[in-house]
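The next block holds one structure in the form of structure tokens; read it before the comments.
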Amino acid sequence: MAAIPNSTPFHLCAGHPVLDLVNTLDNRFRADGPTELLPNYAAVLEFMDQSGLLEGAQVRARVRSVSQAEAQRATDSVRELREAAANVLYAAADGSAPLPADLRMLARYFHSARQRQELAWVPSAQGSKFIWDWGSSRTEADLPVWILSLHTAALLTSDTLSRLRACGSETCRWLFLDTSKNHTRRWCDMKICGNRMKARRFRSAQGVTRTVDRLTADTPD
């Protein structure tokens, strides 16, 4: 496996890792096609690391142990999960019903992830407890798929879904949770799409002003 790059390509502004995952197909509504930000398993692991879903030591161990075939299969599964989640979430954001086929696919991922977990007893001086643990599945290539699956299930069944929004930019439409005080957030990131839209409106207004000035100047007294 290739080493994880040191760059930080993911802009995690959605307020939830599953929404950030959906946003890794960048500009998915652009006329000339979207940009894939998860081209390989290294990118998947980098996303998991930056999102805090896997620790750096787990990522490094997986880089060393996963075969190319396992890595490709896991990458394909993450992208399939992402697109099924995207279809359901965009439907929810638009106030429409999700397709049954997407729900069935997500359910398969949820059940598969649950089957990999083991009930474990964790002794502690602060208070022992039972937890769901990945056990022997912790070393498998599909661990990112299972982790993301359970986070997707948790999001879809939570009250926070009522704050789901899509960016106001028609080509972007990144998903995010609107946690603003008045629930009026319009952009995935004001510094990116917000400023871009402001600049576009300004250029359009300037163009109209120049056209009016030219027509006025050409009109005889």
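The values are calculated or read from the model by the stated rules, or taken from the named source; none is laboratory data. Just so we're clear, the structure is a prediction, and the values are computed from it rather than from any experiment. Don't worry about glycine lacking a Cβ; one is built from the backbone with ideal geometry, like all the others, and counts go over all protein chains shown.
How many residues are surrounded by fewer than 17 Cβ atoms within 10 Å (Cβ to Cβ) and either farther than 19 Å from Pro39 by Cα or not hydrophobic (A, V, I, L, M, F, W, C) (or both) when one looks only at the range 54-78?
13
Tell me, please, whether a residue that is over 17 Å from the mean Cα position of the chain (by Cα) and assigned by TED's automatic domain parsing to the domain that holds Thr157 can be found in the range 33-49.
The initial filter retains those residues of the range 33-49 that are over 17 Å from the mean Cα position of the chain (by Cα), namely 33.
Okay, now just the ones that are also assigned by TED's automatic domain parsing to the domain that holds Thr157, so 33.
So far as the range 33-49 goes, yes, one or more of its residues are over 17 Å from the mean Cα position of the chain (by Cα) and assigned by TED's automatic domain parsing to the domain that holds Thr157.
The rows are residues; the columns are (1) among the charged types (D, E, K, R); (2) at negative phi.
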residue	(1), (2)
Ala91	no, yes
Ser96	no, yes
Leu103	no, yes
Leu106	no, yes
Ser112	no, yes
Arg116	yes, yes
Leu119	no, yes
Pro123	no, yes
Gly127	no, no
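Scanning the range 27-53 for residues that are in contact with a helix residue (DSSP H, G or I) (Cβ under 9 Å, 6 or more places away or on another chain) and in a loop (DSSP other than H, G, I, E, B), which turns out surrounded by the fewest Cβ atoms within 10 Å (Cβ to Cβ)?
The residue in question is Gly52.
What do you reckon, is Asp213 surrounded by fewer than 17 Cβ atoms within 10 Å (Cβ to Cβ) and at pLDDT below 90? It would help to see each step written out before you state the result.
Working: surrounded by fewer than 17 Cβ atoms within 10 Å (Cβ to Cβ): yes; at pLDDT below 90: yes.
Against the criterion (surrounded by fewer than 17 Cβ atoms within 10 Å (Cβ to Cβ) and at pLDDT below 90), Asp213 qualifies.
Would you mind stating whether Leu155 is more than 26 Å from Arg60 (Cα to Cα), touching a helix residue (DSSP H, G or I) at 6+ places or on another chain (Cβ under 8 Å) and in the same structural domain as Ala85 (by TED's automatic domain parsing)?
On the way: more than 26 Å from Arg60 (Cα to Cα): yes; touching a helix residue (DSSP H, G or I) at 6+ places or on another chain (Cβ under 8 Å): yes; in the same structural domain as Ala85 (by TED's automatic domain parsing): yes.
Yes: the conditions hold for Leu155.
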